[in-house]
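Inspection log for the structure reproduced underneath, given as structure tokens.
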Amino acid sequence: MALKITDDCINCDVCEPECPNDTISMTPEIYIIDPLKCTECVGHFDTPQCVEVCPVDCIPKDPEHEESYEQLYQKYLRISGEAD
């Protein structure tokens, strides 16, 4: 399942550089996560790095984009160019 950034975001700028898939971007109001690119850091780290650094805990799993670990890993392989 992809992650999402809620309205509680304080625009502290710490999440964006931590994302290994470059999936976090700034909108005029808050940061957002592209669910098509978010792998919850599967393939890179054991835990989502944006969640680890967020000082206000505003990055939950997005129930509108449920994915299994295997689906996230397959997405990682496609994004990284390692898919067969």
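Quick check on this structure: which one of CYS58, CYS15, CYS54 is in contact with a strand residue (DSSP E or B) (Cβ under 7 Å, 6 or more places away or on another chain) and either modelled with pLDDT under 95 or farther than 11 Å from ALA2 by Cβ (or both)? Please lay out each step first, then the result.
Values: CYS58 fails: in contact with a strand residue (DSSP E or B) (Cβ under 7 Å, 6 or more places away or on another chain); CYS54 fails: in contact with a strand residue (DSSP E or B) (Cβ under 7 Å, 6 or more places away or on another chain).
None of the others qualify; the one that does is CYS15.
Pick from ILE10, ILE32: which is in contact with a strand residue (DSSP E or B) (Cβ under 8 Å, 6 or more places away or on another chain) and on the phi < 0 side of the Ramachandran plot?
Values: ILE10 fails: in contact with a strand residue (DSSP E or B) (Cβ under 8 Å, 6 or more places away or on another chain).
Unique residue meeting the criteria: ILE32.
Taking the range 66-77, which residues are part of a helix (DSSP H, G or I) and over 11 Å from GLY43 (Cα atoms)?
Taking the range 66-77 as the starting set, the residues that turn out to be part of a helix (DSSP H, G or I) are 69-77.
Matches in the range 66-77: GLN71 only.
If LEU77 satisfies all but one of (1) without any contact (Cβ under 8 Å) to a residue 40 or more places away in the chain; (2) closer than 14 Å to MET1 by Cα, what's the number of the condition it fails?
Failing condition for LEU77: (2).
Step by step: first the residues of the range 10-51, then only those that are polar (S, T, N, Q) and in contact (Cβ under 8 Å) with a residue 24 or more places away in the chain, then the one that is least open to solvent (accessible area, probe 1.4 Å). Which residue is that?
Initial filter on the range 10-51 (polar (S, T, N, Q)): 11, 21, 23, 25, 27, 39, 47, 49.
Those left that are additionally in contact (Cβ under 8 Å) with a residue 24 or more places away in the chain: 21, 39, 49.
Values: ASN21: 18, THR39: 1, GLN49: 36 Å².
Looking at residues that are polar (S, T, N, Q) and in contact (Cβ under 8 Å) with a residue 24 or more places away in the chain, I get THR39.
Among the numbered conditions (1) more than 21 Å from ARG78 (Cβ to Cβ); (2) of a type in the set (S, T, N, Q); (3) in contact with a helix residue (DSSP H, G or I) (Cβ under 9 Å, 6 or more places away or on another chain), tell me where THR47 comes up short.
Condition not satisfied by THR47: (3).
The values are calculated or read from the model by the stated rules, or taken from the named source; none is laboratory data. The model shown is predicted, which means the values in this text are computed figures rather than measured ones. Ideal geometry is used to build each Cβ from the backbone, glycine not excepted, and the neighbour counts take in all protein chains shown. For the accessible areas, the whole protein counts, side chains as well, though only heavy atoms, and no ligand, DNA or RNA atoms are used. Shrake-Rupley method; radii C 1.70, N 1.55, O 1.52, S 1.80 Å.
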